Amino acid sequence: KKKNRRRRRRRRRMHHVFYRFLMFFFALFALITITRTTKKTTTGTIIIGFTGPAVDDVFADSDATRSNNINDNSNTNEKELCSSLRIDDLINAKVSSKPFKHVYVKGFISKECVRKVNRDFPESLKRISTYGGGNIDEGALRKRNEIGGHFEAFLDAMASATLREAFERVFRTDLSNTFIRSTIRGVATKEDGRIHADDASKVVTALVYLNEEWPHESECGECGKLQLLARRDLRSNSTPANDAYGGNLLAFLNPAAFGKNGGFHGFKKFSSTRKDGCLSQDAGCERKMVQINYQTRVKLFGDDEKKNGRRRKKKNQQDFVRPNDPRVRDGSLELPGGVRLAIV
């Protein structure tokens with residue numbers, strides 16, 4: 001009996017040792033598999049259960065990771081379109097947090113590229129009499145056959161997945177479930193420059209200035225140069241007036257998209273009473289720029305679809321649409337001109 005008891009004890013000890021080794025090897029195998037999967041992801045981060053715009057710590061990648069090349073799987077055409085955009089300068093640029101998160105990149109596109117884009121810039125936006133003021137949707141210009149050549153290639157590059165992923169890294173937020181809306185300005189009018197804050201549907205706004213030079217410095221030093229403000233007051237600016245020419249880029253994260261207050265921006269208006277000022281001429285105050293917005297919803301009806309001051313709307317038709325709408329995904333719902341899905 002004593003011998004049998006000793007044998008049973010030895011067997012139990014051997015079984016315990018065997019099961020511990022087995023559990024160790026299973027844990028090691030799982031760790032190796034997860035590490036390999038993480039390396040294969042483009043962002044280097046696994047996000048579980050994410051459905052909307054992220055908070056600051058979602059993309060917890062290091063500065064070294066941020067400087068790596070992105071979107072290695074982009075197709076050849078997109079790389080050609082984006083060849084004139086200095087993506088690395090954007091990724092490595094310093095992100096300022098006051099008055100809210102923004103980044104400024106001088107010479108985001110080369111001077112040669114600015115010249116080529118200006119060569120094909122829409123003619124109707126170069127004069128006050130044919131412009132009308134405000135942001136003009138890309139779709140409205142396409143209907144007038146005013147988009148083509150290098151300017152069209154530049155718009156495609158600005159709406160590319162490569163640039164979207166760069167903004168995701170810079171601002172550490174997810175923009176995959178958004179629309180990309182492109183608008184264009186040609187000259188500054190007397191109404192432009194009003195201080196305002198964007199609504200919560202706009203997550204990231206990016207502006208690229210296309211003036212080859214800035215001829216308004218002698219007339220008004222800070223006129224036409226966008227400032228980011230802590231309050232609805234130009235005296236509350238904590239950022240210098242950025243140069244609005246030469247292919248410079250200004251991009252900012254909208255606090256309202258994350259339930260925060262603020263996000264005011266605007267610029268000092270050009271004088272409409274000055275007889276020799278740029279507003280007294282039909283050529284106006286040249287202020288060419290392309291603006292890209294990453295939005296969580298867009299209007300189905302634009303200003304160009306109004307008739308006699310009343311919007312033409314069918315019964316039970318919605319005013320807004322979101323990217324996860326099944327009709328958007330299957331293509332049965334036509335989006336407004338100049339609006340694209342961030343990820344098709």
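Would you confirm, using the coordinates I've provided, whether Ser129 is closer than 28 Å to Leu228 by Cα, polar (S, T, N, Q) and open to solvent by 20 Å² or more (accessible area, probe 1.4 Å)?
Taking the combined requirement at face value, the residue does not satisfy it.
Looking at (1) at pLDDT 70 or above; (2) surrounded by fewer than 19 Cβ atoms within 10 Å (Cβ to Cβ), can you tell me which one Arg287 breaks?
Here Arg287 clears every test but (2).
Only residues that are among the charged types (D, E, K, R) and without any contact (Cβ under 8 Å) to a residue 24 or more places away in the chain: list them for the range 138-184, please.
Arg144
State which residue pairs qualify: first residue among the β-branched types (Val, Ile, Thr) and inside the range 324-343, second residue assigned to a strand (DSSP E or B) in any location, beta carbons under 7 Å apart, and separation of 6 or more residues or different chains.
So the pair list comes out as Val328/Val321; Val328/Leu341; Val339/Phe179; Val339/Arg181; Val339/Val298.
Based on this model, can you work out whether Leu226 counts as within 18 Å of the chain's Cα centre (by Cα) and either polar (S, T, N, Q) or at pLDDT 75 or above (or both)?
Here the answer is yes, as Leu226 does meet what is asked.
Taking interchain pairs and intrachain pairs at least six residues apart, which have beta carbon atoms under 9 angstrom, with the first residue in the range 245-268 and assigned to a helix (DSSP H, G or I) and the second open to solvent by less than 20 Å² (accessible area, probe 1.4 Å) and among the polar types (S, T, N, Q)?
Qualifying pairs under 9 Å: Ala256/Ser201; Ala257/Thr173; Ala257/Ser201; Phe258/Thr173.
Those residues that are crowded, with 19+ Cβ neighbours inside 10 Å and not in a helix (DSSP H, G or I), I need them from the range 105-115; list them, please.
Listed by number, the residues that qualify are Val105, Phe108, Ile109.
Could you say which residue among Pro99, Pro53 is part of a loop (DSSP other than H, G, I, E, B), surrounded by 13 or more Cβ atoms within 10 Å (Cβ to Cβ) and at pLDDT 50 or above?
Unique residue meeting the criteria: Pro99.
Filter the range 247-282 down to the residues that are open to solvent by 20 Å² or more (accessible area, probe 1.4 Å) and either within 18 Å of Phe171 (Cα to Cα) or at pLDDT 80 or above (or both) and list them by number.
Ala256, Ala257, Phe258, Gly259, Lys260, Asn261, Gly262, Phe264, Lys268, Lys269
Given (1) more than 11 Å from the chain's Cα centre (by Cα); (2) in a loop (DSSP other than H, G, I, E, B); (3) within 28 Å of Ala257 (Cα to Cα), identify the lone condition not met by Arg185.
All conditions are met except number (2).
Can you name every residue in the range 201-230 that is of a type in the set (Lys, Arg) and assigned to a loop (DSSP other than H, G, I, E, B)?
Lys225
A quick yes/no check of all residues on (1) on the phi > 0 side of the Ramachandran plot; (2) open to solvent by 10 Å² or more (accessible area, probe 1.4 Å); (3) at pLDDT 90 or above:
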residue	(1), (2), (3)
Phe179	no, no, yes
Ser182	no, no, yes
Ala188	no, no, no
Arg194	no, yes, no
Lys202	no, yes, yes
Ala206	no, no, yes
Leu210	no, no, yes
Glu213	no, yes, no
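Being within 16 Å of Ala157 (Cα to Cα) and part of a helix (DSSP H, G or I) is the filter; apply it to the range 116-126 and report the residue that is most open to solvent (accessible area, probe 1.4 Å).
Among residues in the range 116-126 that are within 16 Å of Ala157 (Cα to Cα) and part of a helix (DSSP H, G or I), the one most open to solvent (accessible area, probe 1.4 Å) is Lys116.
The values are calculated or read from the model by the stated rules, or taken from the named source; none is laboratory data. Because the structure is predicted, anything quoted here is derived from the model rather than measured. A quick note on method: Cβ atoms are made from the backbone with ideal geometry, for glycine too, and the neighbour counts reach across all protein chains shown. We work out accessible area using only protein heavy atoms, side chains counted, and drop any ligands, DNA or RNA first. Shrake-Rupley method; radii C 1.70, N 1.55, O 1.52, S 1.80 Å.
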